[in-house]
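The values are calculated or read from the model by the stated rules, or taken from the named source; none is laboratory data. Predicted model only: the values in this text are computed from it and were never measured. Positions of Cβ are generated from backbone atoms using ideal geometry, with glycine treated the same way; all protein chains shown enter the neighbour counts. Keep in mind that these areas ignore ligands, DNA and RNA; they rest on the heavy atoms of the full protein, side chains included. Shrake-Rupley method; radii C 1.70, N 1.55, O 1.52, S 1.80 Å.
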Amino acid sequence: QVQMEESGGGLVQTGGSLRLSCAASGRTFSIYAMGWFRQAPGKERAFVAALNWAGGITYYADSVKGRFTISGDSAKKTAYLQMSSLGPEETAVYYCAGKNFGSGSYYNLHDYAYWGQGTQVTVSS
C-alpha cells in the first residue's frame with residue numbers, strides 16, 4: 001500500500017512562485033518515478049512534470065518547461081514542484097502520483113498507480 005499527500009498549494013499573484021511538496025508513505029520502495037499532474041475546472045487532468053528516482057531524469061510538459069522544476073529527496077520519500085512565473089492558466093488542483101517500474105509513459109496519468117488527494121493552486125488576475 002502506498003499513500004501520497006500533497007501540500008503547499010495556495011493563492012499567489014501572477015508572476016509569483018509556489019513550492020509544492022508530496023510525501024509518500026507505505027511501500028515507497030516500489031515507486032520508480034514520481035509525477036505531477038494538474039486539473040483545471042472543466043478540463044482533463046494534464047501532465048506537468050515527472051522524476052525518475054533511479055536516474056534522476058526529469059520530464060516536463062512544454063507549457064511549464066523553464067518555469068517549473070521537479071526534484072525529490074529519496075531518503076525523505078518526498079517530491080517537490082517548484083513553480084515560478086505563474087499565470088492564471090496554471091490555476092488548478094495539483095496532484096502527485098507514483099509510477100511503478102515497468103512499461104508505460106511518464107506523461108500518461110493512466111500509467112501511474114498511486115495518487116494523492118491534490119492541492120489547490122490559484123493564481124490571481
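Within region 65-82, the set of residues being surrounded by 15 or more Cβ atoms within 10 Å (Cβ to Cβ) and either touching a residue at least 24 places away in the same chain (Cβ under 8 Å) or assigned to a strand (DSSP E or B) (or both) comprises F68, T69, I70, S71, G72, K77, T78, A79, Y80, L81, Q82.
Please find, within region 86-125, the residue that is surrounded by the most Cβ atoms within 10 Å (Cβ to Cβ) out of those that are in contact (Cβ under 8 Å) with a residue 60 or more places away in the chain, among the polar types (S, T, N, Q) and in contact with a Ser or Thr (Cβ under 8 Å, 6 or more places away or on another chain). Within region 86-125, the match that is surrounded by the most Cβ atoms within 10 Å (Cβ to Cβ) is T119. Among the residues making up region 23-59, those that are open to solvent by 60 Å² or more (accessible area, probe 1.4 Å), closer than 23 Å to V123 by Cβ and of a type in the set (K, R) are K43, R45. Go through the residues of region 70-79 one by one and say whether even a single one is farther than 21 Å from V121 by Cα and among the polar types (S, T, N, Q). Yes: region 70-79 contains one or more residues that are farther than 21 Å from V121 by Cα and among the polar types (S, T, N, Q).
How about region 83-102: which of its residues are among the aliphatic types (A, V, I, L, M) and assigned to a loop (DSSP other than H, G, I, E, B)? Walk me through it before giving the result.
Let us first name the residues in region 83-102 that are among the aliphatic types (A, V, I, L, M), namely 83, 86, 92-93, 97.
Across region 83-102, the qualifying residue is only L86.
Each residue in region 26-48 was checked for being small (G, A, S), part of a strand (DSSP E or B) and farther than 15 Å from G118 by Cα, and 2 of them qualify. Among the residues of region 1-20, those that are of a type in the set (G, A, S) and in contact with a strand residue (DSSP E or B) (Cβ under 7 Å, 6 or more places away or on another chain) comprise S7, G8, G9, G10, S17. So, of the residues in region 1-22 that are open to solvent by less than 50 Å² (accessible area, probe 1.4 Å) and within 14 Å of the chain's Cα centre (by Cα), which turns out to be farthest from S84 (Cα to Cα)? This residue is M4.
Taking the criterion of being touching a strand residue (DSSP E or B) at 6+ places or on another chain (Cβ under 6 Å) and either polar (S, T, N, Q) or not in a strand (DSSP E or B) (or both), the residues of region 112-125 that qualify are Y112, A113, G116, G118, T119, Q120, T122, S124.
Among the residues of region 16-59, those that are closer than 17 Å to A92 by Cα and not hydrophobic (A, V, I, L, M, F, W, C) comprise G16, S17, R19, S21, G35, R38, Q39, P41, G42, K43, E44, R45.
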